[in-house]
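The values are calculated or read from the model by the stated rules, or taken from the named source; none is laboratory data. Predicted, not measured: the structure shown is a model, and the values here were computed from it. No Cβ is skipped: glycine too gets one built from the backbone with ideal geometry, and neighbour counts run over all protein chains shown.
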Amino acid sequence: MTTTDERPARRGPRWNVDGRALRLWTISGLATTYLVAWWCFAPAPTTAPVADEPLPAPVPTATAAPIPPAVWWHDLPPSERPAIALPSGWVVTATKPGDGPTLKPVPIARRPPARRVRVRTRSS
Amino acid sequence: MVELRAMGTTVTVHAPTLSVEGEAAAAAEVAAQFASAEARFSRFRPDSELAQLNRATGPFAASAAMMAALARAQAYVELTGGRFDPAVGGAMIAAGYDRAFAPGALDRATPAEAPPPARFADVTLDLARGLVARPPHVQLDLGGMIKGATADLAARHLPAIAALDAGGDAVLRGAGPEGDGWYVDVEDPADPTRTLITLRIRDRAVATSAANRRRWRRGDAWAHHLIDPATGAPAATDLAQVTIVAPSAERAEILAKAVFIAGARAGRALLANLSTIGAVLVDHHGDVELIGPLEVAPDA
């Protein structure tokens with residue numbers, strides 16, 4: 001007599017997901033959590049959104065001419081210094097002590113007081 | 001603006017074209033001028049030259065500064081017809097003004113004593129030798145005149161636009177900080193918190209005489225420092241206050257005192273001969289009279 005082993009069939013895992021599906025589920029859960037948190041706690045915008053303005057067209061860099069080397073005006077020999085038209089009241093000052101003109105001290109001019117100065121005459 | 005104390009009053013220096021440091025330096029120079037004048041001319045400092053002159057029993061060898069001041073005083077006696085007279089020092093003492101003034105310090109329960117008659121004409125000035133001889137009863141007082149003269153002298157050290165105010169006697173240099181003159185408020189003698197009128201002054205000086213501030217009680221009566229040389233007593237006048245605008249603070253001070261003592265009618269007669277002098281006369285009713293060249297500020 002043969003006996004038949006009638007053991008019940010082994011049940012499969014309750015969540016039948018493979019590793020790939022598990023990663024997808026995990027990523028989806030984290031993304032959902034992040035979006036919910038952002039929606040709940042992100043600061044409200046303080047200004048109305050500004051419509052995007054078209055960016056100015058990029059200015060093509062002139063590459064045809066070489067960039068001249070920069071020098072300090074005082075480093076040039078006096079004969080090679082270009083004439084500079086300064087705005088009224090401006091002076092060329094020194095880059096190091098003893099170089100360039102000396103600025104004269106300007107007397108302190110106090111602003112007139114808000115109220116007119118008055119003298120009071122009386123017997124004393 | 002810098003304030004300092006000198007000659008029993010507050011001296012204010014205002015030099016708007018200077019820096020704060022420059023104004024302080026100018027005020028120090030002014031203070032030195034006032035200290036020097038006070039040391040020489042004070043009636044209350046025993047070591048002053050004037051006090052020594054008032055104690056001298058014979059001819060007194062005076063300094064050049066003292067002789068110059070006495071010579072000017074003599075000219076003012078003549079100019080004012082004797083309403084100004086520096087020989088009232090004894091009368092001031094008799095009235096109770098025998099020490100530096102402070103409110104209440106001169107009050108006495110006893111009435112004023114009879115003042116000794118004294119005239120500056122009794123004093124002999126030997127200008128060539130610098131000698132002064134005075135009778136024993138003549139005590140000299142140069143207080144107001146010297147205050148004005150010192151303000152004039154000290155103001156010469158200030159810039160072209162500056163004001164020096166020595167307790168109401170002010171030297172006003174230039175056309176003021178805004179170019180339209182210095183604004184000078186004339187106090188109401190009946191209410192020192194009020195202004196009667198505002199004058200606009202350029203390159204001149206101003207001084208005021210009234211009996212409302214420097215006064216004290218003698219018995220049941222009030223006494224004050226404006227002594228009438230004719231009576232030797234505090235002047236009884238129909239004027240409550242006189243303000244004078246003049247080329248110098250010394251002259252303004254002398255004329256304000258003389259017109260106050262003279263009263264309105266004689267005061268007008270005195271000023272009639274002085275075309276460069278402006279005057280503001282205030283009577284006891286508060287009526288204001290303007291005499292001579294004066295410019296009243298538009299917002300007065």
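Could you list, in sequence order, the residues of region B:172-189 that are among the aliphatic types (A, V, I, L, M) and facing chain A (nearest Cβ under 8 Å)?
Residues satisfying the conditions are B:LEU172, B:VAL184, B:VAL186.
So which of B:PRO136, B:PRO111, B:PRO115 ends up being part of a loop (DSSP other than H, G, I, E, B), modelled with pLDDT under 95, away from chain A (no Cβ under 11 Å) and under 20 Å from B:ASN212 (Cα atoms)?
Answer to the check: B:PRO111.
What's the number of the only condition in (1) closer than 20 Å to B:THR10 by Cβ; (2) assigned to a strand (DSSP E or B); (3) away from chain A (no Cβ under 11 Å) that B:THR150 fails to meet?
Going through the list (1) closer than 20 Å to B:THR10 by Cβ; (2) assigned to a strand (DSSP E or B); (3) away from chain A (no Cβ under 11 Å), B:THR150 breaks only (2).
Being of a type outside the set (A, V, I, L, M, F, W, C), out of contact with any helix residue (DSSP H, G or I) (no Cβ under 7 Å at 6 or more places or on another chain) and more than 27 Å from B:ALA230 (Cα to Cα) narrows it down to one of B:PRO136, B:PRO177, so name that one.
B:PRO177
Kindly indicate the residue of region B:31-57 that is aromatic (Phe, Trp, Tyr) and under 18 Å from B:GLY148 (Cβ atoms) and also nearest to the other protein chains (Cβ to nearest Cβ) among those meeting that condition.
Ranking the candidates gives B:PHE34 first.
Determine which single condition B:LEU125 fails, assuming it passes every other condition in (1) within 11 Å of chain A (Cβ to nearest Cβ); (2) in contact (Cβ under 8 Å) with a residue 24 or more places away in the chain.
The failed condition is (1).
Taking B:GLY168 as the residue in question, decide whether it is at positive phi, within 14 Å of chain A (Cβ to nearest Cβ) and crowded, with 23+ Cβ neighbours inside 10 Å.
yes
Might you let me know whether region A:35-46 holds any residue that is modelled with pLDDT under 65 and exposed (fewer than 10 other Cβ atoms within 10 Å of the Cβ)?
Yes - at least one qualifying residue is present in region A:35-46.
Taking the options B:ALA163, B:ALA149, name whichever one is closer than 23 Å to B:GLY82 by Cα and buried (at least 21 other Cβ atoms within 10 Å of the Cβ).
B:ALA149
Check B:ILE254 against each of (1) modelled with pLDDT under 95; (2) crowded, with 21+ Cβ neighbours inside 10 Å and name the one condition it does not meet.
The single condition B:ILE254 does not satisfy is (1).
Does region B:227-236 contain any residue that is in contact with a Phe, Trp or Tyr (Cβ under 6 Å, 6 or more places away or on another chain) and not acidic (Asp, Glu)?
Scanning region B:227-236, I find no residue that is in contact with a Phe, Trp or Tyr (Cβ under 6 Å, 6 or more places away or on another chain) and not acidic (Asp, Glu), so the answer is no.
Counting only residues that are among the small types (Gly, Ala, Ser) and under 15 Å from B:VAL171 (Cβ atoms), which one in region B:1-30 is nearest to the other protein chains (Cβ to nearest Cβ)?
B:ALA15
Quick grid of which residues meet (1) free of Cβ contacts under 8 Å to residues at least 12 places away in the same chain; (2) surrounded by fewer than 19 Cβ atoms within 10 Å (Cβ to Cβ); (3) farther than 24 Å from B:ASP228 by Cα:
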site: B:GLY8; (1), (2), (3): no, yes, no
site: B:ALA61; (1), (2), (3): no, yes, yes
site: B:LEU79; (1), (2), (3): no, yes, no
site: B:PHE84; (1), (2), (3): no, no, no
site: B:VAL88; (1), (2), (3): no, no, no
site: B:TYR97; (1), (2), (3): no, no, no
site: B:GLY104; (1), (2), (3): no, yes, no
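Looking at region B:190-236, what strands (runs of 3 or more DSSP E) fall wholly within it and have at least 2 residues that are surrounded by fewer than 23 Cβ atoms within 10 Å (Cβ to Cβ) and within 8 Å of another protein chain (Cβ to nearest Cβ)?
B:191-201
May I ask you to verify whether B:LEU274 is hydrophobic (A, V, I, L, M, F, W, C) and assigned to a loop (DSSP other than H, G, I, E, B)?
Against the criterion (hydrophobic (A, V, I, L, M, F, W, C) and assigned to a loop (DSSP other than H, G, I, E, B)), B:LEU274 qualifies.
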